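Take a look at the structure below.
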Number of protein chains: 2
Amino acid sequence: MTQPIAPVPLDKAYQLLNHGPTVLVSARHQGVDDVMAAAWACALDFSPPKLTVVLDKMTRTRELVQHSGHFVIQVPTVAQLDLTYQVGQRSLHQQPDKLARGGVELFDLDGRDLPLVAGCAAWLACRLIPEPHNQQAYDLFIGEVVAAWSDTRVFRDGRWRFETADAALRTLHYVAGGRFYAIGDALDADQDVKD
Amino acid sequence: MTQPIAPVPLDKAYQLLNHGPTVLVSARHQGVDDVMAAAWACALDFSPPKLTVVLDKMTRTRELVQHSGHFVIQVPTVAQLDLTYQVGQRSLHQQPDKLARGGVELFDLDGRDLPLVAGCAAWLACRLIPEPHNQQAYDLFIGEVVAAWSDTRVFRDGRWRFETADAALRTLHYVAGGRFYAIGDALDADQDVKD
């Protein structure tokens, strides 16, 4: 690993998703790893941090999440544009070598048995909070974030640093048909809210 | 209204939220209107289109949603940076003139009795799908999108046009502490996924 990685305090973990990036969802069960792309992931709570993610019934990743009770939400970068698109288009059901074909390199951190995707801007290790009705009716999964890390070149001291980081480290925001947007310029609201 | 507004086909409505913008949530009940900002809103399904939004128990908007069974999710623009921040900081509980102070102008469309915020890039009219457990345990609300519209300068023919629209029409992506990012440059993934 050549990335500089540091833990993100759990009370700052929501910020990794707050601006709405497209994410990669990864999971491992009984020696099988899968990674998929998801535009429909969202923060749900601050403390303890929770998040939602929509996992279609056709995906192998969903099966691994349901069986293992754990998953990782990671935030890919502009440099991972094609990787993100490809793991979103292919299924491990049809292509057992999907990850290798997509250029996905996995690693682990802190001795946790979780598949993290190398090169991302941030990673959130999650414990599934079982909600069978949501999962069945809406494909909606809820996770509690139990650990988080970031590439300190682009997120450090509790905030994103897109303004000063390399543009290749910006987050991706998917629309449709292979079209993404990178996150753009910083804007600070007038904090003098007059009462 | 000086904005050029057109309906968005329901099968394209998910695209309005797919790239993760911060939204404004509005609702009306018995003559009371409220508008709040929410970074935690997310598409949930394509057809019929559904979405999730997190509404804190302290907000007046949540009460209006629960009583009326309807709400509007709208996508504010860079030009509405301060408006978005202010309606996110103030509560109608404490400030009955919150909307006027925040510079919010409301209008309606197609004869629907719903408060739409003028100047936004897009609007999604939603019917609440009651899910009492989600609402109570997670502050998580699910809506079915029953109509959608866009400002055609920035979303038309079924897709966002940030590349060619005025930069003031770009969407906002909130992080924390008054810091937002505008959506940035378009990136097209290599669609030749080799099998």
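Values quoted throughout were computed directly from the atomic coordinates according to the rules given, and no laboratory measurement underlies them. Only a predicted model underlies this, so the values are computations on that prediction, with no experimental measurement involved. Virtual Cβ from ideal backbone geometry, glycine too; neighbours counted across all protein chains shown.
Some points to look at:
- Under the condition of being surrounded by 24 or more Cβ atoms within 10 Å (Cβ to Cβ), more than 10 Å from chain A (Cβ to nearest Cβ) and in contact with a Pro (Cβ under 8 Å, 6 or more places away or on another chain), the residues counted in the range B:13-28 number 4.
- Among the residues making up the range B:113-127, those that are surrounded by fewer than 19 Cβ atoms within 10 Å (Cβ to Cβ) and either within 16 Å of B:Gly69 (Cβ to Cβ) or not hydrophobic (A, V, I, L, M, F, W, C) (or both) are B:Asp113, B:Arg127.
- Some residue of the range B:177-186 being among the hydrophobic types (A, V, I, L, M, F, W, C), farther than 30 Å from A:Leu83 by Cβ and over 15 Å from the mean Cα position of the chain (by Cα): no
- Hits in the range B:29-68 (condition: more than 8 Å from chain A (Cβ to nearest Cβ), acidic (Asp, Glu) and either at positive phi or in a strand (DSSP E or B) (or both)): B:Asp33, B:Asp34
- Within the set B:Ala100, B:Ala121, B:Ala147, the sole residue that is among the small types (Gly, Ala, Ser) and within 21 Å of B:His173 (Cα to Cα) turns out to be B:Ala121.
- Segments classed as strands (runs of 3 or more DSSP E), wholly inside the range A:123-195, with at least 1 members that are more than 12 Å from chain B (Cβ to nearest Cβ): A:140-151
- The set of residues in the range B:40-66 being of a type in the set (S, T, N, Q) and over 20 Å from A:Pro21 (Cβ atoms) consists of B:Ser47, B:Thr59, B:Thr61, B:Gln66.
- Applying the condition of being β-branched (Val, Ile, Thr) and in a strand (DSSP E or B) to the range B:69-87 and asking which residue is farthest from the other protein chains (Cβ to nearest Cβ) yields B:Val72.
- Checked against the criteria, B:Ala165 does not count as more than 17 Å from A:Val175 (Cα to Cα) and surrounded by fewer than 22 Cβ atoms within 10 Å (Cβ to Cβ).
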